[in-house]
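The next block holds one structure in the form of structure tokens; read it before the comments.
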Amino acid sequence: MPIDATQPYDDQNIFAKILRGEIPNRTVYEDEWALAFHDINPQAPDHVLVIPKGAYVCWDDFSAKASDAEIAGFTRAVGHVARELGLVEPGYRLLANTGFDAHQEVPHLHVHIFGGKPLGPMLVR
């Protein structure tokens with residue numbers, strides 16, 4: 001069910017539980033700023049989620065409240081994962097949904113990295 005991105009952070013969301021070690025995941029990468037893991041319902045041959053370790057609902061919340069170090073660390077983690085998965089060539093897609101209209105389902109910022117096949121157009125009208 002899509003969420004309202006203007007709501008306060010809910011520390012019982014599934015990604016918060018993953019960060020606390022309460023729910024297992026298939027970790028791809030982890031550092032002090034981010035955790036990357038395989039999506040449980042992959043939409044492409046390579047489908048990894050990257051989440052910041054801080055409590056941010058969405059991209060808007062993160063960009064407004066995160067420290068410069070958090071923003072740089074998270075951005076570098078996304079790039080690192082794409083490189084480690086060998087996706088830079090032939091290409092990959094990043095997706096971060098924010099709010100109801102974008103169908104954000106988990107109220108914790110997450111970036112999807114898709115790759116491993118031609119992905120087609122971004123949106124179909």
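Observations, loosely collected:
- Placing +1 on the Cβ of every Lys and Arg and -1 on the Cβ of every Asp and Glu, with nothing else charged, gives region 19-124 a dipole about its Cα centre of roughly 200 debye.
- Dipole of region 14-115, positive end: most advanced residue of Thr75, Gly21, Phe62 [Cβ charges, Cα centre]: Gly21
- Neighbour cut-off at most 14 other Cβ (10 Å), DSSP loop, chymotrypsin sites (Phe, Trp or Tyr not before Pro), region 58-125: Phe100
- Rg(Cα)/(2.2 N^0.38 Å) for region 1-44, N = residue count: 1.31
- GluC sites (Glu not before Pro) restricted to region 11-63 and DSSP loop, no more than 16 other C-beta within 10 Å: Glu22, Glu32
Every read-out reported here was derived from the displayed coordinates using simple, explicitly stated rules and does not represent laboratory data. This one's a predicted model, so the numbers in the text were calculated from it and none came from an experiment. So basically every Cβ, Gly included, is an ideal-geometry build from the backbone, and we count neighbours across all protein chains shown.
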